[in-house]
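A quick write-up on the structure given underneath.
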Amino acid sequence: MSNTVPAGYAPLTSESLPSYLSKKLPSDLVLGGEPKEWTVKEVGDGNLNLVFIVEGLEKTIVVKQALPYVRAAGESWKLSLTRAYFEYNVLNIEAKFAGHRLVPQVYFYDQDMAIFAMEFLSPHVILRKELIAGKTFACLAEDVGVFLAQTLFHTSDIGMNAEEKKALVSKFAVNHELCKITEDLIFSEPYFDAERNNWTSPQLDADVHKVWQDEEMIQVAMRYKYKFMTESQALLHGDLHSGSIMVTESETKVIDPEFGFMGPMAFDIGNYVGNLLMAYFSRPGWESDEAKCDEYQRYLLEQITSTWHVFVTHFTQLWNDKQQGDAYPVEIYQQGLGEKVLQRAQSEFFQTLLEETLVNAGLEMNRRIIGFAGVADFKEIENAELRASCERRALKLARELIVNAKEYKEIATIGQFAQSC
C-alpha cells in the first residue's frame with residue numbers, strides 16, 4: 001500500500017463531516033434526520049487519529065479518520081494513512097472469531113479518505129478510567145481471556161491452514177510503520193537517553209539512569225525486540241491495554257487495533273497484564289484509605305490470574321477440538337500419539353508463553369514509565385513525589401519480570417513479588 005496522501009484526501013471537521021457522510025453511508029445505515037440535524041463532536045484524545053461521534057435522530061455512530069502524522073507529536077512526525085486500512089481489517093477479523101459481543105461492528109471504509117465508521121458504544125467507558133476510579137467488573141477476566149484465545153488461536157498455525165496463515169502474514173507485513181513505532185517506543189528508547197522519553201523528573205532520574213546501565217535487562221529487551229520483529233505467530237491487536245477496552249458492568253468491547261500485525265502471541269497478553277500491574281502500583285496515588293487500596297489491589301491481581309486461566313482454558317479447548325491447522329497436526333497428536341502426548345505439548349507451549357508474557361508485561365511497564373507515551377494511571381497523579389514512589393515500585397517489578405520470568409511457573413506467583421515491592 002502506498003504511503004502517499006491520496007489526491008482527494010482532506011482531514012474532516014465537525015462541520016464538514018455530515019456532508020461527507022451523507023454521500024458515503026451505506027443505504028441500510030440510517031442515522032435519522034437530515035445531515036444538518038446531526039450532532040457531531042470530535043472526541044479524539046489518543047495519540048494518532050481524529051475521532052468523531054455523529055448523532056442522528058435515530059442512530060449514533062463513531063467515525064475515525066487517520067491523519068498523515070502522529071497527532072500527539074504534530075506534523076513533524078509523519079505517518080502513513082494506511083493504518084486506517086489495518087484497523088478496519090483487524091476489527092473485521094477479530095469480530096469473525098470473537099464476535100460482536102466483544103468487538104464493535106464496522107460499517108464502511110474509505111481508503112482515499114483513510115476513514116471508517118463503526119458502532120457507537122454506549123454506555124461503555126474506557127476501562128482505564130474505570131480502574132482509576134476503583135470500579136470492579138464481574139465479566140472482565142472472562143471476556144478478555146476469551147477474546148485473546150479466539151483471536152490468537154484462529155489466526156495461528158495451530159488453528160488455521162498454512163496457506164491462509166501465510167496470506168495473512170503477507171497482508172499485514174506492510175503495517176511496518178506502526179510496527180516501527182512499537183519497536184522504538186517499547187523495545188529501544190526506554191533503554192537509552194532518547195529524546196522522546198518522558199519520565200517523572202527529577203524524582204526518577206536515578207532510577208532511569210540505573211535502567212540504562214542494566215546490561216542484563218537490556219539484553220533481554222533486545223532479544224524480545226528481535227522476537228517481535230521476526231515471529232509471526234498470530235494476528236495481534238498490537239496495542240491491547242486498558243485504554244483499548246471499553247466496559248459496562250456486564251459488557252466488554254475491544255477497540256483500536258490499528259497496530260494490528262502478525263507477531264508473537266505473548267505481546268498482546270503481556271501488554272494487557274502490564275497495564276493491570278500499572279493500575280495495581282498506581283493505586284496508592286488514587287486511594288488514600290489503606291484497607292480499600294489493598295482490597296482493590298487484590299482485585300487487580302485476581303484479574304491477571306483469572307484472565308490467564310480463562311485464556312489457557314479456552315485456547316486449549318479450541319486446540320483439542322480443531323479440525324485444521326498445520327502446527328501440531330491432528331493426524332499425529334489426536335489420531336496417532338494420543339491425548340497424553342498432546343497434553344504434554346500443550347503444557348510446554350503454555351509454559352513458554354507464560355514466560356514470554358511476563359517479559360512483555362515488564363517491557364510495557366518500563367516504556368510507559370520512562371518512554372514517550374505514558375498512562376493516566378501514573379501521569380494524572382498530581383503529587384510528583386507520590387507518583388514517583390508508585391512508579392519506582394512498578395519499575396522494580398518490571399525488572400523482575402524481564403530478568404527472572406523463567407522462575408515463575410504460575411502466573412499467580414507474580415502477585416507475591418508485586419506485594420513485596
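The values are calculated or read from the model by the stated rules, or taken from the named source; none is laboratory data. As the structure is a prediction and not an experimental result, all values here were calculated from the model. For neighbour counting, all protein chains shown are included, and Cβ atoms are generated from backbone atoms with ideal geometry for every residue, glycine included. Each accessible area value is taken on the protein alone, full model and side chains, heavy atoms only, with ligands, DNA and RNA left out. Shrake-Rupley method; radii C 1.70, N 1.55, O 1.52, S 1.80 Å.
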Quiz item: What is the extension gain from ARG298 to ARG101, computed as 0.36 nm multiplied by their sequence separation minus the C-alpha to C-alpha distance, in nm to one decimal?
Solution: 68.2 nm
Quiz item: Across the Cα atoms of the chain, what radius of gyration and what greatest pairwise Cα-Cα distance (Dmax) are found, in Å?
Solution: 21.7, 67
Practice problem: Using just the helices of the chain, give the 222 nm mean residue ellipticity in deg cm²/dmol: DSSP H runs with n ≥ 4 each add -39,500 (n - 2.57), and the total is spread over all residues, rounded to 500. | Solution: -16000 deg cm²/dmol
Quiz item: For the chain, modelled as a Gaussian network with Cα springs under 10 Å, which listed residue fluctuates most, ASP110, ASP143, ASP377?
Solution: ASP110
Practice problem: Measure off, as a whole percent, the carbon and sulfur share of the 1.4 Å-probe accessible area of the chain, all protein chains present. | Solution: 48 percent
Self-check item: FRET E, pair GLN351, LYS23, Förster distance 51 Å, beta-carbon r, rounded to 0.05
Solution: 0.40
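How much net charge surrounds THR200 when only other residues with a Cβ under 10 Å from its Cβ are counted (Lys, Arg +1; Asp, Glu -1)?
Net charge around THR200: -1.
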Exercise. Could you tell me which of rounded, prolate or oblate describes the range 283-327, using a ≥ b ≥ c as the square roots of the eigenvalues of the alpha-carbon gyration tensor, with rounded for a/c under 1.5 and, failing that, prolate when a/b is larger than b/c and oblate otherwise?
Key: prolate
Exercise. With a 1.4 Å probe and every protein chain left in place, work out the accessible area per residue of the range 125-420 in Å², rounded to a whole number.
Key: 42 Å²
Self-check item: Accessible area in square angstrom per residue, the range 16-119, 1.4 angstrom probe
Solution: 44 Å²
Exercise. Taking all protein chains together and a probe of 1.4 Å, list TRP286, TRP308 from the most accessible to the least accessible.
Key: TRP286, TRP308
Exercise. State the answer as a single residue: which of ILE132, GLY33, GLY99 lies farthest towards the positive end of the charge dipole of the chain, with beta carbon charges of +1 for Lys and Arg and -1 for Asp and Glu, about the Cα centre.
Key: GLY99
Practice problem: Could you pull out the pairs from LYS36/LYS253; LYS292/LYS379; LYS41/LYS253; LYS210/LYS292; LYS64/LYS135 whose alpha carbons sit more than 24 Å apart here? | Solution: LYS36/LYS253; LYS210/LYS292; LYS64/LYS135
Practice problem: Kindly identify the range 16-119 as rounded, prolate or oblate by the Cα gyration tensor criterion: order the square roots of the eigenvalues as a ≥ b ≥ c, call it rounded if a/c is under 1.5, otherwise compare a/b with b/c, prolate if a/b is larger, else oblate. | Solution: oblate
Exercise. At 0.36 nm per residue, minus the direct Cα-Cα distance, what do THR230 and ASP289 gain on full extension? Give it in nm, one decimal, please.
Key: 16.6 nm
Quiz item: Just in the range 322-421: which trypsin sites (Lys or Arg not before Pro) are loop by DSSP and have at most 14 other Cβ atoms within 10 Å?
Solution: LYS409
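Find the percent of Cα-Cα distances in the range 211-285 that exceed 18 Å, and round it to a whole number.
54 percent
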